[in-house]
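The values are calculated or read from the model by the stated rules, or taken from the named source; none is laboratory data. Keep in mind that this is a model prediction, so the values were computed, not measured. Here the Cβ positions follow ideal geometry from the backbone for every residue, glycine too, while neighbour counts run over all protein chains shown.
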Amino acid sequence: MPQSPHSLLPGTLEPLLRERSAAALAAGALRPIETATHFIEEGGVRFLVRVVSNLARKAASAGPDRSSPVLRRNPFLPYEEAMFVADLSPTHVALLNKFNVIERHLLIVTRKFVHQETLLDQDDFHALGCCRAEFPSLGFYNGGAAAGASQRHKHLQLVPLPLAPDGAAIPLEPLLMRAAAGGRGGVEQLATLPFAHAFAPLDPGRDLRGESSAREELALYRACLARLGIEPVAAGGPARQSAPYNLLLTRDWMLVVPRVRECCDGISINALGFAGSLFLRDVAQLRRVRALGPMTLLRAVSGG
């Protein structure tokens, strides 16, 4: 089958990502949020906690003001040219995250407007798979505002691994590894995770660029949602979700977490929280997380 002009060529994403990141940073278009790194250990997990260290960025990173004109305007249609990384497929492009906390944080965005609460489809998983095949990475999705999404235009996200320079590549992964190594297939709930979830191991040897991999992931995603009671809802077009959720996806496993609220004690949690990585506005929030324990936050926002 001939290569589509909109398809990502294997082996090209990582050099493109580095090149475009450097160019956007030099031009002042990419505006990283500076943080100080802390660790909090709880329940066998060494949580990675990033706290805003640049005072000038605190207001911008305190959390999205969804009433602001900036967020009401769709930043992905059209997208800022300096943020463009690559064409992924006829349906998706890869963009830099303008206000990134993690270096080389990638957004996987639909070319046309699709609402963020629309259920993921095979094209979404194919685009995400093409990116995950390029380098060790964690894909994730914030399904709705209560799950941490700040934009209504459908976008998945990808961050390179490891998340921290030492320890587990994904802080929460030690609680998942035994189940993932079993490779049993199907959807289950793990006794090791103290919050509501649905988990599915994946075959790490599959071709992530292939349509069969996208179909498999789509089927497991739907099974995870069904296990959690999240159903398709008619919306005069593609079906939407009946409730908010987070999706996390590696080569080895898929994790879906239901959401009942965005924040606990004023601390916003998105999908990366369930990977064991938290982002905090200030040291006051850090003190609250230390007092409450990160697992308490995850249970509170997932209803588990």
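Among the numbered conditions (1) free of Cβ contacts under 8 Å to residues at least 60 places away in the same chain; (2) of a type in the set (A, V, I, L, M); (3) farther than 28 Å from VAL49 by Cα, the only one that ALA235 does not meet is (1). Only one of the listed residues (LEU172, LEU218) is in contact with a strand residue (DSSP E or B) (Cβ under 9 Å, 6 or more places away or on another chain), under 19 Å from VAL256 (Cβ atoms) and at pLDDT 95 or above. That residue is LEU172. Could you check the stretch 1-41 and list, in sequence order, the residues that are at pLDDT 95 or above, closer than 24 Å to ARG132 by Cβ and either in contact with a strand residue (DSSP E or B) (Cβ under 7 Å, 6 or more places away or on another chain) or hydroxyl-bearing (Ser, Thr, Tyr) (or both)? Correct list: THR12, LEU13, LEU16, LEU17, ARG20, SER21, ALA24, LEU30. Checked against the criterion of being within 21 Å of LEU16 (Cβ to Cβ), surrounded by fewer than 21 Cβ atoms within 10 Å (Cβ to Cβ) and at pLDDT 95 or above, the stretch 183-203 has no qualifying residue. The strands (runs of 3 or more DSSP E) falling completely within the stretch 74-166 that include 2 or more residues that are closer than 26 Å to ILE267 by Cβ and either among the small types (Gly, Ala, Ser) or in contact with a strand residue (DSSP E or B) (Cβ under 7 Å, 6 or more places away or on another chain) (or both) map to 106-110, 137-143, 155-160. Residues that are within 25 Å of HIS126 (Cα to Cα) and within 17 Å of the chain's Cα centre (by Cα) number at least 3 in the following helices (runs of 4 or more DSSP H) confined to the stretch 197-304: 211-227.
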